[in-house]
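**Student:** One structure, as structure tokens, below. Some questions next.
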Amino acid sequence: MHFWSPQGEVYRLYPLLAGQGLRSGETRVIRKIEGPTWRPSSRMRSRDPRLPALVPPGPGNPLGSHALYLAVEGLRIHGVAEDPQARADESIALANAHIAELFSLVRVGAPVRLI
């Protein structure tokens, strides 16, 4: 993942894990949450009925420490739990240290381009 600040004075490159169902296009950040709550989609719960309806913030939460919610329903950029394979569908996951840094740099309304 590449990040450029609006005036171009800050550039970062982060390794990521991409979930299923991502498509190219443009969107924007609509919400930022520190300590997000994870709610598996109905599709995820139908594939694995053992999934809880909700996982509160903290250890074991697949969204990790921070989440940037995008204007595309269900799409977000977030941290990872201890098990990176537990990440949410249709999402972009970064190491918790990276999402914390990105979270501090990104503003609500920032454009996002998926390529």
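**Student:** Pick out, in residue order, every one of the trypsin sites (Lys or Arg not before Pro) in region 1-76 that is DSSP loop and has at most 13 other C-beta atoms within 10 Å; say none if there are none.
**Tutor:** Here the trypsin sites (Lys or Arg not before Pro) that fit, given the DSSP loop and packing criteria, are Arg23, Arg50.
**Student:** At 7 Å along Cα-to-Cβ for each site, give me the label-to-label distance between Tyr14 and Thr27 in nm.
**Tutor:** In this crude spin-label approximation the distance works out to 1.5 nm.
**Student:** Given +1 on the Cβ of Lys and Arg, -1 on the Cβ of Asp and Glu, and no further charges, what dipole in debye does the chain carry about its Cα centre, rounded to the nearest 20?
**Tutor:** Charge dipole of the chain: 320 debye, to the nearest 20.
**Student:** Moving to a separate point now. Roughly what would the spin-label model give for Trp4 and Arg113, points 7 Å off Cα along C-beta, in nm?
**Tutor:** That separation, rounded to one decimal, is 0.7 nm.
**Student:** How many percent of DSSP beta bridges within the chain run antiparallel, rounded to 5?
**Tutor:** Among the beta bridges of the chain, antiparallel pairing accounts for roughly 85 percent.
**Student:** Cut-off 10 angstrom, C-alpha nodes, Gaussian network model of the chain. Which of Gly64, Gly74, Gly25 fluctuates the most?
**Tutor:** Looking only at Gly64, Gly74, Gly25, the largest GNM fluctuation is found for Gly25.
**Student:** In what order, largest first, do Tyr11, Tyr69 sit by accessible area if the probe radius is 1.4 Å?
**Tutor:** From most exposed to least exposed: Tyr11, Tyr69.
**Student:** Next question. Per residue, how much accessible area does the chain have with a 1.4 Å probe, in Å²?
**Tutor:** Accessible surface, normalised per residue, equals 60 Å².
**Student:** Another one. In Å, what Kirkwood hydrodynamic radius results for the chain from the alpha-carbon pair distances?
**Tutor:** 14.3
The values are calculated or read from the model by the stated rules, or taken from the named source; none is laboratory data. The model shown is predicted, which means the values in this text are computed figures rather than measured ones. So basically every Cβ, Gly included, is an ideal-geometry build from the backbone, and we count neighbours across all protein chains shown. Please note that ligands, DNA and RNA were not included when accessible areas were found on the heavy atoms of the full protein model with its side chains. Shrake-Rupley method; radii C 1.70, N 1.55, O 1.52, S 1.80 Å.
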